[in-house]
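The values are calculated or read from the model by the stated rules, or taken from the named source; none is laboratory data. Keep in mind that what you see is a predicted model, and the values were worked out from it rather than measured. So basically every Cβ, Gly included, is an ideal-geometry build from the backbone, and we count neighbours across all protein chains shown. The protein model used for the area step is the full one, side chains on, heavy atoms only, and it has no ligands, DNA or RNA in it. Shrake-Rupley method; radii C 1.70, N 1.55, O 1.52, S 1.80 Å.
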Amino acid sequence: MSRIGRFLKSFFLVDMLRGLAVTLRLYFSRKVTVQYPEQVQEPAERFRGIVRLYRDDKGEPLCIACKACQRACGTNCFDIEGKKEEGAKVMRPTKFDWKLDRCTFCGFCVEVCPTNAIRFSREFRLTGTDKDGLLFHLPDMYLAGEDLQSYLCAGCRRPR
Amino acid sequence: MAFKEINLNMGPQHPSTHGVLRLKLAVDNEVVLSVESIIGYLHRGMEKLWENLTYTQVVPLTDRLDYLASLSNNLGYVLAVEKLAGIEVPRRARYIRVVLAELQRLASHLAWLGFQANDIGAMSVLLYGFEARETILDVFEEYCGARLTIHGIRIGGVPHDLDAALAARIRKVLDGIPRRLADIRALLDDNRIWKQRTVGVGRIAADDAIAYGLTGPCLRACGAAWDMRKDVPYSSYDEFDFDVPLGRNGDVYDRYLVRLEEICQSIRIVRQALDGLPEGETSAKVPRVLKVAPAEVFHTIEAPKGILGFYIRSNGTDKPERVKMKSPSFINLQSVEHMCKGNLFSDVVGILGSLDIVLGEIDK
């Protein structure tokens with residue numbers, strides 16, 4: 001480019017105006033921001049949220065307290081104890097503690113579960129007001145996930 | 001004015017050090033005389049921690065190293081373990097890994113572009129870059145359920161198959177990125193403020209860069225062609241056609257241009273991988289408890305920040321005896337004094353940003 005051309009380009013602020021044209025065009029484009037507490041974006045189908053325990057169609061718990069998830073876990077989230085009742089076919093958990101504050105949501109527990117009892121929910125609100133709320137006991141594990149929506153957040157499990 | 005040396009602290013809590021990094025600067029008025037980087041504020045003892053975990057359990061923790069490109073860390077570690085244990089990965093799994101790793105490179109470079117422009121003073125670029133990055137993170141969320149610390153690669157393959165619906169979505173995302181990139185280039189390429197802050201700033205010659213061990217886009221901006229994907233291909237990279245963009249001057253502006261061109265090349269690679277996705281298994285047969293005979297291995301990959309290497313020594317059990325990581329950010333940071341010396345104090349932020357460091361990787 002000639003020197004005069006460069007001078008004119010520089011004098012008439014062509015580089016600046018090109019940039020301002022972009023910002024002006026995008027100022028009038030569709031907004032992409034989601035205003036979070038009012039609008040909530042639906043997580044994806046495979047979203048790795050809080051893990052929860054499931055029951056089968058008859059309402060029987062699926063967990064057989066085999067502790068496969070406890071062994072697979074790299075951060076020691078689980079503390080599980082099982083007991084076989086008189087006349088029962090399989091073991092059932094008597095204690096199932098899961099520590100939300102230790103979980104890295106890697107998914108190893110879900111992948112190793114032989115009965116598909118432990119699965120990810122799509123619950124992503126993980127905050128709590130005290131540390132005790134981050135420790136999930138057996139009843140909380142069935143509660144976790146979609147049922148938690150009635151609570152303000154997963155950590156404290158206090159009603160809205 | 002009389003010579004007067006002043007010592008200044010930048011960080012550990014400074015928005016432009018990209019984490020908890022402390023720089024001890026000696027300045028004469030506006031000119032930087034020396035820079036000393038003090039690291040270790042984010043040290044979590046990762047390498048020692050891995051010695052107490054099984055080979056599989058380490059993978060999600062590698063996410064926490066370079067958290068802007070977590071999948072590249074997964075890939076580096078997993079390839080090293082596979083080399084150590086002699087696991088042959090199916091071709092389809094290798095292609096899916098390439099798709100994911102290149103998408104991660106896109107996300108990392110777009111995040112870098114936003115941070116760098118924001119540090120220098122162009123805030124709209126941060127917003128536009130992050131909007132494009134967001135679409136890639138949505139793809140990761142759909143693929144494996146997480147956005148940032150993805151854990152999207154398993155030893156022996158990948159956790160999920162890449163179905164046609166997801167492939168179509170990735171293509172749509174790829175179509176959108178060049179348009180966004182054109183907007184960003186219109187804002188920055190010829191902009192006189194951007195050029196004054198970047199052209200000729202933080203120069204390093206190719207010889208010095210190699211002597212400092214600089215890798216990745218920072219090295220290629222000096223004109224030294226070294227890309228592990230091209231020169232030491234891993235994970236089927238030799239089956240794709242792509243160029244290695246090179247700079248000339250080794251300044252901040254060239255690093256910017258090289259990264260922009262790398263984004264275009266990554267889009268090319270992902271398109272080729274999606275077109276030629278072979279049929280077959282997505283995972284090799286790997287025993288649930290992986291025990292590896294005593295041996296040692298070192299494997300390097302081209303991560304978005306530079307060359308990422310993992311050294312693993314096994315001892316016959318299911319846990320590694322020693323893991324050592326060669327992290328690109330740590331090595332790239334060492335050349336910051338060479339680049340900053342003689343430059344203006346206000347350019348330290350731009351030079352540090354152009355190295356694309358992540359403190360999770362430096363402090364481990």
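Data for the structure
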{"item": "Ratio of Rg to Rh over segment B:45-363 (Cα coordinates, Kirkwood Rh, two decimals)", "result": "0.97"}
{"item": "Backbone N under 12 Å from the B:Asn52 label point (7 Å along Cα→Cβ), restricted to segment B:327-364", "result": "none"}
{"item": "Kirkwood estimate for segment B:129-168, i.e. one over the average of 1/r between Cα atoms, Å", "result": "11.0 Å"}
{"item": "Taking the C-alpha atoms of segment A:51-150, convex hull volume expressed per residue in Å³", "result": "105 Å³"}
{"item": "Size of charge dipole - segment B:161-312 - debye, nearest 20, with Cβ of Lys, Arg +1 and Asp, Glu -1, no other charges", "result": "620 debye"}
{"item": "Within-10-Å neighbourhood charge of B:Val270 [Cβ basis; K, R +1; D, E -1]", "result": "+2"}
{"item": "Segment B:230-322 - percent relative contact order, Cα under 8 Å, separation 6 or more", "result": "18 percent"}
{"item": "At 1.306 mPa s and 10 °C, Stokes D of the protein assembly as shown from Kirkwood alpha-carbon radius, µm² per second", "result": "63 µm²/s"}
{"item": "Dipole in debye (nearest 20) - segment A:51-150, about Cα centre, beta carbon charges: Lys, Arg +1; Asp, Glu -1", "result": "280 debye"}
{"item": "Shielding score for A:46-58, defined as the mean number of other chain Cβ atoms within 10 Å", "result": "2"}
{"item": "Summed side-chain charge close to B:Ile155 - residues other than B:Ile155 whose Cβ falls under 15 Å, Lys, Arg +1, Asp, Glu -1", "result": "+2"}
{"item": "Pairwise label distance in nanometres, A:Thr127 with A:Glu38, each label 7 Å out on the Cα-Cβ vector", "result": "1.8 nm"}
{"item": "Nearest-0.05 FRET efficiency for B:Ala284 and B:Asp231, computed from C-beta distance (R0 30 Å)", "result": "0.70"}
{"item": "Shielding by other protein chains, B:183-192, mean Cβ within 10 Å", "result": "5"}
{"item": "Enclosed volume per residue, in Å³, of the convex hull spanned by Cα atoms of segment B:45-107", "result": "75 Å³"}
{"item": "Phi-based couplings in Hz for segment B:297-309 (Karplus 6.51, -1.76, 1.60; Gly and Pro marked x)", "result": "8, 9, 10, 10, 10, 8, 7, x, 8, x, 7, 10, x"}
{"item": "R0 of 30 Å, Cβ-Cβ distance B:Glu5-B:Val199: FRET efficiency to nearest 0.05", "result": "0.60"}
{"item": "Dipole magnitude (debye, nearest 20) for the protein assembly as shown, charges at Cβ of Lys, Arg, Asp, Glu", "result": "360 debye"}
{"item": "Whole-Hz couplings from phi, Karplus 6.51/-1.76/1.60, listed for segment B:172-184; x for Gly and Pro", "result": "5, 4, 5, 5, x, 5, x, 5, 5, 5, 5, 4, 5"}
{"item": "Per residue solvent-accessible surface (Å²) - segment A:51-150, probe of 1.4 Å", "result": "54 Å²"}
{"item": "For B:Gly11, net neighbour charge (Lys/Arg +1, Asp/Glu -1) across residues whose Cβ lies under 14 Å away", "result": "-1"}
{"item": "Cα lying deepest toward the dipole's positive end in segment B:1-151, options B:Pro90, B:Ala26, B:Ala107, charges on Cβ", "result": "B:Pro90"}
{"item": "Per principal axis, descending, Cα span of segment B:217-360 in whole Å", "result": "56, 40, 22"}
{"item": "Peptide B:244-251, shielding by other chains (average Cβ, 10 Å cutoff)", "result": "0"}
{"item": "Contact surface A-B: accessible area buried, both sides summed, square angstrom, 1.4 angstrom probe", "result": "2400 Å²"}
{"item": "GNM result for chain A, Cα springs below 10 Å: residue of A:Lys95, A:Lys58, A:Lys67 fluctuating most strongly", "result": "A:Lys58"}
{"item": "Value at 222 nm in deg cm²/dmol, rounded to 500, when DSSP H runs of n ≥ 4 in the protein assembly as shown each add -39,500 (n - 2.57)", "result": "-12500 deg cm²/dmol"}
{"item": "Charge-dipole axis of segment B:45-363 as Lys and Arg at +1 and Asp and Glu at -1 on Cβ define it, positive-most pick from B:Leu148, B:Leu277, B:Leu344", "result": "B:Leu148"}
{"item": "Cubic angstrom per residue, convex hull over Cα atoms of segment B:43-197", "result": "126 Å³"}
{"item": "Relative contact order for chain B, counting Cα pairs under 8 Å that sit 6 or more residues apart, in percent", "result": "27 percent"}
{"item": "Where chain B is the region considered: accessible area per residue in Å², 1.4 Å probe", "result": "38 Å²"}
{"item": "When each of B:Lys172/B:Lys285; B:Lys24/B:Lys195; B:Lys83/B:Lys364; A:Lys84/B:Lys291 is checked by Cα-Cα distance, pairs over 30 Å", "result": "B:Lys172/B:Lys285; A:Lys84/B:Lys291"}
{"item": "Peptides B:133-144, B:170-181, B:82-93 ordered by average Cβ neighbours within 10 Å, highest first", "result": "B:133-144, B:82-93, B:170-181"}
{"item": "Area accessible to solvent at B:Phe130, 1.4 Å probe radius, in Å²", "result": "60 Å²"}
{"item": "Sequence-separation-based contact order of segment A:51-150, relative, with Cα cut under 8 Å and 6+ spacing, percent", "result": "34 percent"}
{"item": "Loop-resident sites, segment B:1-64, for GluC sites (Glu not before Pro), counting at most 11 other Cβ within 10 Å (DSSP)", "result": "B:Glu30"}
{"item": "Label-to-label distance, nm, for residues given as B:Arg322 and B:Asp189 (7 Å Cα→Cβ offset)", "result": "5.0 nm"}
{"item": "Calculated FRET value between B:Cys264 and A:Met91, using beta carbons and R₀ = 45 Å, to 0.05", "result": "0.20"}
{"item": "Whichever aspartates and glutamates have a C-alpha closer than 13 Å to that of B:Lys341, once near sequence neighbours (fewer than 8 apart) are set aside", "result": "B:Asp28, B:Glu30, B:Glu36"}
